[in-house]
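Novice: I'd like to ask some things about the structure below.
The values are calculated or read from the model by the stated rules, or taken from the named source; none is laboratory data. Worth saying up front: this structure is predicted, and the values here are computed from it rather than measured. Don't worry about glycine lacking a Cβ; one is built from the backbone with ideal geometry, like all the others, and counts go over all protein chains shown. Note: accessible area is taken over every heavy atom of the protein model, side chains too, but ligands, DNA and RNA are not part of it. Shrake-Rupley method; radii C 1.70, N 1.55, O 1.52, S 1.80 Å.
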Amino acid sequence: AHEIAHQWWGQGVGWRNYREQWLSEAFAQYFAALYVQHARGEEAFARVLGWMHRWARRVVGKGSINLGVRAGHIAGSSDDFIAILYDRGAYVLHMLRGLLGDEVFFRALRVYYDRWKFRRAGTDDFRQVLEEISGLDLERFFEYWVRDDGEPEVRWSATLGPRSDRPRLNLRLEQIGEVFDLPLQVSIDYEDRPSTTKRVRLSLARQEHVFDLDGPFKRVRLNADLGALCQLREQR
C-alpha cells in the first residue's frame, strides 16, 4: 500500500529537493495506514497508529523531518531516518487532520495534488494550500513539527465543578516550554454509560476547558486515540 501510494505522492506530485522528501515518504506512509483503516477496520488502524506513534516518539530530538536523508546520516541509523521521515512525518499529517477536520483536510489534499500534479512541490506549497482551504495560519505548526525535532510537554489537571443544575468537569492544560499547535482528544468515562469524547485544539501556553457531564463521573483520559505526539503529565 505504501509503494502504491507513491503513484500519487512522490510520482504524481514530486518533491523539490532533499529537504522535501517527506512529501513523498510521509504521505505514502500515512495513506498506507488509511488503506489499512479502509480494508481492515478501526482496530487495525489503531494498531498501525500505535506502531508509528512509538517510533516517532523514540526519535524526538534526533533530527527534524526537513533534514531528509541527512537525518539518518546524523544518527548513523537507517531506523532513525525511517522513524523521522516516515513515521513522524505521517503523524504530522495525522495531527493536521485532527486540527482541520476530515472534510477540510482531505479537500486540501485534493487541491494540493491537482495544483502540483506532475511538478515538484515544497513544504511551503503544501502549507499554503492548507491555509487557503482552512483559513488558519499554520506557520508555527510547520516550524515546530517539520523544521524542528521536539514535542510538547503538557501538564494537566481535572476537577469536578460545583454541582448546580448539571455537574461539570474543569480541565486545565499547560504547555511547558515552547508552545505547539496540536489536537488532543479528551475521553470522559462514566460509571453507568458509554464514554464520550471531545477534541480540543492546543495553541496557547495555558488553556481551560469545561465539559458538562452526562452521568456519574469515573475518570478522564487524554490522547487515548494517540492523535498527537506529546508528553502528558497529570497534576493531581
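Novice: Among the listed residues Leu204, Leu173, Leu182, Leu160, identify the single one that is out of contact with any Cys (no Cβ under 8 Å at 6 or more places or on another chain) and in contact (Cβ under 8 Å) with a residue 40 or more places away in the chain.
Specialist: Answer to the selection: Leu160.
Novice: Go over the candidates Val92, Val154 one by one and state the one that is among the β-branched types (Val, Ile, Thr), crowded, with 19+ Cβ neighbours inside 10 Å, touching a Cys at 6+ places or on another chain (Cβ under 7 Å) and at pLDDT 95 or above. Walk me through how you get there before you give the answer.
Specialist: Values: Val92 fails: touching a Cys at 6+ places or on another chain (Cβ under 7 Å).
Sole residue among the options that is among the β-branched types (Val, Ile, Thr), crowded, with 19+ Cβ neighbours inside 10 Å, touching a Cys at 6+ places or on another chain (Cβ under 7 Å) and at pLDDT 95 or above: Val154.
Novice: Output the residues belonging to segment 73-89 that are open to solvent by less than 10 Å² (accessible area, probe 1.4 Å) and either farther than 22 Å from Ala33 by Cα or of a type in the set (A, V, I, L, M) (or both).
Specialist: Ala83, Ile84, Leu85
Novice: Turning to a different aspect of this structure: Picking from Leu136, Leu171, which residue would you name as being of a type outside the set (Gly, Ala, Ser), open to solvent by less than 60 Å² (accessible area, probe 1.4 Å), modelled with pLDDT of 95 or more and assigned to a strand (DSSP E or B)?
Specialist: Leu171
Novice: Given the criteria open to solvent by less than 30 Å² (accessible area, probe 1.4 Å) and either touching a strand residue (DSSP E or B) at 6+ places or on another chain (Cβ under 6 Å) or in contact (Cβ under 8 Å) with a residue 24 or more places away in the chain (or both), does Val59 qualify?
Specialist: Answer is yes for this residue.
Novice: Has segment 62-71 got any residue that is surrounded by fewer than 17 Cβ atoms within 10 Å (Cβ to Cβ) and either without any contact (Cβ under 8 Å) to a residue 60 or more places away in the chain or part of a helix (DSSP H, G or I) (or both)?
Specialist: yes
Table: residues versus (1) assigned to a strand (DSSP E or B); (2) surrounded by fewer than 13 Cβ atoms within 10 Å (Cβ to Cβ); (3) touching a helix residue (DSSP H, G or I) at 6+ places or on another chain (Cβ under 9 Å).
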residue	(1), (2), (3)
Ser187	yes, no, no
Leu204	no, yes, no
Gly215	no, no, no
Val220	yes, no, no
Leu229	no, no, yes
